[in-house]
2 protein chains.
Amino acid sequence: MKLVLGIDPGTAVTGFGVVALEGRAPTLVECGVIRTNARDPLAQRLHEVHAGVSELIARHRPDTIAIEDVFYAKNVRTTVVLGHARGVILLAGQQARLTIHEYPPAEIKKAITGRGAATKEQVQFMVTRLLRLKSAPQPADAADGVAAALCACMTATLPKLPELKLSTLLAKAAQEKRK
Amino acid sequence: MKLVLGIDPGTAVTGFGVVALEGRAPTLVECGVIRTNARDPLAQRLHEVHAGVSELIARHRPDTIAIEDVFYAKNVRTTVVLGHARGVILLAGQQARLTIHEYPPAEIKKAITGRGAATKEQVQFMVTRLLRLKSAPQPADAADGVAAALCACMTATLPKLPELKLSTLLAKAAQEKRK
C-alpha cells in the first residue's frame, strides 16, 4: 500500500488530503485544512503551517508528499507570500525524507479530469467519483489537497505511454531530418 | 549586550552577519554565507538553508534576527523562489522564539548610509567604517547580511525622533484644517 499526502499551500488556508493506494483503487484516509490568523505575524503563521504539516506526516507516515505548485496571481505580493508557505511545506517533506512531487495546478486538473483548464466544480466532481465519496470534500481547499494527492496516485499507476511514444517518434523524425 | 543575526536570504547564497551591540558601539562577531548547489532539488536546498540558519542561532544565541525583505526582481519566478528561502529563514527565527525584524532593501541602505538608493559599494564602505574593520566583509552577500544586522542595531539605538516630531506636526495640522 502507498500513502500520499497532498497539499494545496496557502498562508491563510492550507488544504490537505491523505490518500491510500492499494492496487489501482485510491481511498480517502483524511482531509481538512490548516488555518492561520491573518492578524498574526507572517513568521508565526509559517510556524503553524510547518507544525501542522509535520504533525500530519508524523501521524500518517506517508511515502510521498504531493504539493501544488505556485499559482501566479496577478498580485505579485500574494504569489511571493505563497512562496514562503510552500517553502516551509517543502521543508517539512524534506525533513521527513519523503518523496516530493510538485505539480502545476493545470497538471493536477488534467490528471483528475483529463482537461488542464477544468473548473473547480469539475475537479470536485471527479475527486468525489474517483474516491467513491457521497459528496465532495469540504471546504474547497481540502478538496484541492486531495486532488494533489490523487494526481500523484494517478501519475504513479498510469505511466504516460502514448506521450512517451510520441516523443520517441518526434526525436526519431528530428534525427532523420538531420541526416 | 544585544546580539543580532542579520540575514540576506537567497536560495543559491544566503549571507549572514552576527553583530554584538554594547552601548552604542557595534562589533562584528562572525559573517559568511550559506551556499547551496543549484543542481540539487529545491526542497533539499531549503533544508540546507534552514539547517544553516538554525545552527547559527544555536551557536550564537542572538536576541534578534534581522531579515532583508523580498527584492522584487523583474523575473517573478526568481522572486517566488526567494520567497521559499525567506519562508524557512523566518521559520528558523520563530522556532527559536527570536525577535524578528524584516527590512526592505532601501530601509537597510538608508539606515547604514543615510540614502535609500545607495550603491552596494557605499553600503560596504559604511559597514566597514561602522564596525571599524580593515576591509569590507567578503563575499558581498555576507556584507549584506551584516548590513541587515547593523540596520536592526541602529534603528534600536537611534529612535527616529525628528520623524516622529514631523508626523505629530502633520497630524496636528490636519486636525486643525478639519475644524
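Of note:
- For region B:1-149, radius of gyration divided by Kirkwood radius, i.e. Rg to Rh on alpha-carbons: 0.95
- Placing a label point 7 Å from the Cα of A:A140 along the Cα-to-Cβ direction, the distances to the matching points in the other copies come to 4.4 nm, shortest first.
- Sorted from closest to farthest, the other copies place their A:N75 label points 2.7 nm away, with each point set 7 Å from Cα along Cα→Cβ.
- Separation between Cα centres of region B:1-80 and region A:61-114, rounded to whole Å: 24 Å
- Modelled this way, with points 7 Å down the Cα-to-C-beta line, the labels at B:N75 and A:M1 are 4.4 nm from one another.
- Take each residue of peptide B:76-86, count the partner chain Cβ atoms within 10 Å of its Cβ, and average: the result is 6.
- Summing charges over all other residues whose Cβ lies under 11 Å from the Cβ of B:C31, with Lys and Arg as +1 and Asp and Glu as -1, gives -4.
- Between B:T79, B:T11, B:T128, the residue with the greatest mean-square fluctuation in the GNM of chain B (Cα pairs under 10 Å linked by springs) is B:T79.
- Each copy carries A:K2; placing its label point 7 Å along the C-beta direction from Cα gives inter-copy distances of 5.3 nm, listed from smallest up.
- Residues whose amide H lies under 5 Å from that of B:E30, counting only those 5 or more places away or on a different chain, are B:V18; hydrogens are built 1.01 Å from N in the peptide plane.
- Of all complete DSSP H helices in chain B, those with a Cα span along the helix axis of 24 Å or greater and a mean Kyte-Doolittle hydropathy of 0.5 or more are B:76-95, B:140-157.
- Descending by average beta-carbon neighbour count within 10 Å, the peptides B:3-9, B:129-135 line up as B:3-9, B:129-135, the highest first.
- Electrostatic tally near A:T113: other residues with Cβ closer than 14 Å to its Cβ, Lys and Arg +1, Asp and Glu -1, net +2.
- Based on Cα contacts under 8 Å between residues 6+ apart, region B:19-149 shows a relative contact order of 28 percent.
- A:Q138 sits among other residues whose Cβ lies under 15 Å from its own Cβ, and their net charge, with Lys and Arg +1 and Asp and Glu -1, is -2.
Here, each number is a calculation from the coordinates, and none is a lab measurement. Small disclaimer: the values here were computed from a predicted structure and weren't measured. Heads up, the Cβs are rebuilt from the backbone with ideal geometry, glycines too, and the neighbour counts pull from every protein chain shown.
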